[in-house]
1. Tell me, which residue of segment 41-54 that is surrounded by 17 or more Cβ atoms within 10 Å (Cβ to Cβ) and either more than 16 Å from residue 29 (Cβ to Cβ) or over 17 Å from the mean Cα position of the chain (by Cα) (or both) is modelled with the lowest pLDDT?
2. For segment 224-234, check the following and say yes or no: at least one residue is surrounded by 18 or more Cβ atoms within 10 Å (Cβ to Cβ), touching a residue at least 40 places away in the same chain (Cβ under 8 Å) and over 13 Å from residue 176 (Cα atoms).
3. Just one of (1) assigned to a helix (DSSP H, G or I); (2) touching a residue at least 24 places away in the same chain (Cβ under 8 Å); (3) touching a helix residue (DSSP H, G or I) at 6+ places or on another chain (Cβ under 6 Å); (4) within 23 Å of residue 34 (Cβ to Cβ) trips up residue 188, so point out which.
4. Suppose we keep only residues that are in contact with a strand residue (DSSP E or B) (Cβ under 9 Å, 6 or more places away or on another chain), touching a residue at least 40 places away in the same chain (Cβ under 8 Å) and outside any loop (DSSP other than H, G, I, E, B) within segment 143-185. Which one would you say is nearest to residue 226 (Cα to Cα)?
5. Being modelled with pLDDT under 75, more than 17 Å from the chain's Cα centre (by Cα), in a loop (DSSP other than H, G, I, E, B) and surrounded by 17 or more Cβ atoms within 10 Å (Cβ to Cβ): is that true of residue 83 here?
6. When you scan segment 104-132, how many residues do you find that are outside any helix (DSSP H, G or I) and either at pLDDT below 60 or surrounded by fewer than 19 Cβ atoms within 10 Å (Cβ to Cβ) (or both)?
7. Any idea how many residues of segment 55-69 are at pLDDT 95 or above and part of a strand (DSSP E or B)?
8. Suppose we keep only residues that are out of contact with any helix residue (DSSP H, G or I) (no Cβ under 8 Å at 6 or more places or on another chain) and part of a loop (DSSP other than H, G, I, E, B) within segment 24-38. Which one would you say is surrounded by the fewest Cβ atoms within 10 Å (Cβ to Cβ)?
């Protein structure tokens with residue numbers, strides 16, 4: 001496994017699209033992995049292939065985009081119970097203080113499957129869009145969780161593996177700015193119009209910030225970040241070195 005070869009967890013959303021461009025810019029070899037887990041916004045999976053192609057063609061990136069891998073884990077997650085991310089349930093806050101869009105263990109499962117694939121493909125880095133700055137309170141997005149998973153996966157595979165989270169301390173405005181830095185206005189427009197983040201899977205209306213219902217938490221974060229980005233406001237947690 002090499003630290004110059006990366007596997008990007010690529011959902012088809014704003015964050016993973018930005019991570020893909022960032023990985024192509026930084027690594028020598030890049031592949032992608034996606035997951036069908038019964039998400040109600042499965043339209044994001046339809047966005048993946050055209051979004052991958054467009055991003056790959058935008059710049060003379062350091063790496064050429066390699067194969068895409070798709071895993072179906074819907075049955076396993078369905079057996080563990082429904083959430084507002086996987087069923088037509090009204091989005092609300094639970095008694096635990098978390099939004100009911102939280103799918104317990106989702107990112108942990110994603111990283112485990114991704115690490116197993118990376119092992120077989122000789123890829124030493126997993127790149128994910130997990131973020132502590134603009135997120136819904138999901139505990140499996142925290143940096144502490146990522147560091148613990150990196151240690152556990154390295155021990156379990158008996159090989160070093162890096163979990164790289166370039167957005168961990170960037171808010172959504174800073175994520176838009178990173179996209180602009182990486183690929184200019186063309187990449188920003190590609191992510192705005194071709195990616196999908198809305199939890200309800202709504203692609204009926206193209207807003208200033210992209211497609212979505214304009215009411216769910218994912219749309220709220222994306223819209224607010226776009227407004228700050230366009231206004232040129234000071235970033236929140238926008239450090240390049242993750243400090």
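1. Our first condition is that a residue be surrounded by 17 or more Cβ atoms within 10 Å (Cβ to Cβ); within segment 41-54, this holds for 41, 44, 47-48, 51-52, 54.
Within this subset, residues satisfying the condition of being either more than 16 Å from residue 29 (Cβ to Cβ) or over 17 Å from the mean Cα position of the chain (by Cα) (or both) are 41, 44, 47-48, 51, 54.
On the way: 41: 64, 44: 83, 47: 92, 48: 94, 51: 97, 54: 97.
Selected residue: 41.
2. From segment 224-234, those surrounded by 18 or more Cβ atoms within 10 Å (Cβ to Cβ) are 225-226, 228-229; that's our starting set.
The next check asks that each one be touching a residue at least 40 places away in the same chain (Cβ under 8 Å); those that pass are 225-226, 228-229.
When the remaining residues are screened for being over 13 Å from residue 176 (Cα atoms), the result is none.
No, segment 224-234 contains no residue that is surrounded by 18 or more Cβ atoms within 10 Å (Cβ to Cβ), touching a residue at least 40 places away in the same chain (Cβ under 8 Å) and over 13 Å from residue 176 (Cα atoms).
3. The failed condition is (2).
4. Checked segment 143-185; the qualifying residue nearest to residue 226 (Cα to Cα) is 164.
5. On the way: modelled with pLDDT under 75: yes; more than 17 Å from the chain's Cα centre (by Cα): yes; in a loop (DSSP other than H, G, I, E, B): yes; surrounded by 17 or more Cβ atoms within 10 Å (Cβ to Cβ): yes.
Answer is yes for this residue.
6. Taking segment 104-132 as the starting set, the residues that turn out to be outside any helix (DSSP H, G or I) are 104-105, 122-132.
Now restrict to residues that are either at pLDDT below 60 or surrounded by fewer than 19 Cβ atoms within 10 Å (Cβ to Cβ) (or both): 104-105, 122.
Final tally of qualifying residues: 3.
7. Going through segment 55-69 one residue at a time, the tally reaches 5.
8. Narrowing segment 24-38 to residues out of contact with any helix residue (DSSP H, G or I) (no Cβ under 8 Å at 6 or more places or on another chain): 26-29.
When the remaining residues are screened for being part of a loop (DSSP other than H, G, I, E, B), the result is 27-28.
Details: 27: 24, 28: 12.
The qualifying residue surrounded by the fewest Cβ atoms within 10 Å (Cβ to Cβ) is 28.
The values are calculated or read from the model by the stated rules, or taken from the named source; none is laboratory data. A quick note: this is a predicted structure, and the numbers were derived from the prediction, not measured. Virtual Cβ from ideal backbone geometry, glycine too; neighbours counted across all protein chains shown.
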